[in-house]
Amino acid sequence: MQPLKVRVQNGCLVFDESTDLPEGTILEVVLIGHGLADGDDPLDDEEERAALNRDLEASFAEEEAGQLIDAADVIADLRTLR
């Protein structure tokens with residue numbers, strides 16, 4: 001499902017487009033006017049950014065080596081724990 005865009009008009013949330021969601025559907029609205037959406041970088045300094053990049057590179061290397069576990073398998077395993 002694509003994200004739905006809404007705007008505030010006279011204190012009410014107004015959808016900019018129609019939707020085919022069933023009647024009574026409850027939506028959770030999350031503000032996007034902060035963080036990376038408006039150019040803010042949530043990482044405090046160059047060290048945090050460098051650490052993130054190192055972790056991403058390590059993850060890509062694990063993927064290429066076939067060392068990752070499929071998320072669907074993890075979810076299936078977790079469901080058996082209920």
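The values are calculated or read from the model by the stated rules, or taken from the named source; none is laboratory data. Treat the numbers as computed from the prediction; the structure is a model and nothing was measured. Glycine also receives a Cβ, built like all others from the backbone with ideal geometry; neighbour counts cover every protein chain displayed.
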Open item on the list: Just checking, does the range 57-65 include any residue being in a loop (DSSP other than H, G, I, E, B) and modelled with pLDDT of 90 or more?
Closed with: yes
Open item on the list: On the basis of being outside any helix (DSSP H, G or I), modelled with pLDDT of 85 or more and touching a strand residue (DSSP E or B) at 6+ places or on another chain (Cβ under 6 Å), does residue 68 make the cut?
Closed with: no
Task: Criterion violated by residue 54 - all others in (1) outside any helix (DSSP H, G or I); (2) modelled with pLDDT of 90 or more; (3) basic (Lys, Arg) satisfied - done: (1)
